[in-house]
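Down below is the structure, laid out as structure tokens.
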Ligand code: DQA
């Protein structure tokens, strides 16, 4: 089994992107952290990052049957990523939304996420550690069948 780690626009340059807001962990650090968490369940990680929404949509379709859950940081697509939202609506396994920064402590335009109403849960403001928490949540949801 595998978990889909899906990161949207501008998240490929984590580590050197506004580190005072997003921290210094790189995307590969995050991939390793998630892999470490899900290893206890024998899960692999399929990590996908794209800057364009269409590619993210295709990745959601492509991995629907091959993954047991997803961790999704949509980046700024949280604001108006309606196609990503619709793709996730048809994604059957449970998934958790993650934001590194506390979006509610920031600009007004980051205060609402179009994908959040569809998520099993949302982890916000805990930096890269939030991805670990999301991974644990997915294992819990899978074990309990409550996703
Ligand atoms: C982000 C928050 C978004 O508002 C922003 O556009 C990002 C990163 C986060 O992880 O904190 O790209 O999703």
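Relative to a virtual label point 7 Å from the Cα of residue 41 in the Cα→beta-carbon direction, which members of segment 76-102 show backbone nitrogen distances below 11 Å? Taking a point 7 Å out along Cα→Cβ of residue 41, the residues of segment 76-102 whose backbone N falls under 11 Å are 94-96.
Maximal additional length on extending the residue 32-residue 52 stretch stands at 4.8 nm, based on 0.36 nm per residue less the C-alpha distance.
If you wrap the tightest convex hull around every Cα atom of segment 1-134 and split its volume per residue, you get 89 Å³.
Would you calculate, for the chain, the mean residue ellipticity at 222 nm contributed by helices, counting each DSSP H stretch of 4 or more residues as -39,500 (n - 2.57) and dividing by all residues, to the nearest 500?
-10500 deg cm²/dmol
Between residue 116 and residue 140, the simple label model (points 7 Å from Cα in the Cβ direction) yields a spacing of 1.9 nm. Packing order of peptides 17-25, 109-117, 49-57, highest average first: 49-57, 109-117, 17-25 (average count of other Cβ atoms within 10 Å over each peptide's residues). Taken over segment 80-147, the alpha-carbon convex hull comes to 76 cubic angstrom per residue.
Values in this text are rule-based calculations from the coordinates and carry no lab data. The structure presented is a predicted model; accordingly, all values stated were derived computationally and were not measured. Because the Cβ atoms are built from the backbone with ideal geometry, glycine has one as well, and the counts that use them run over all protein chains shown.
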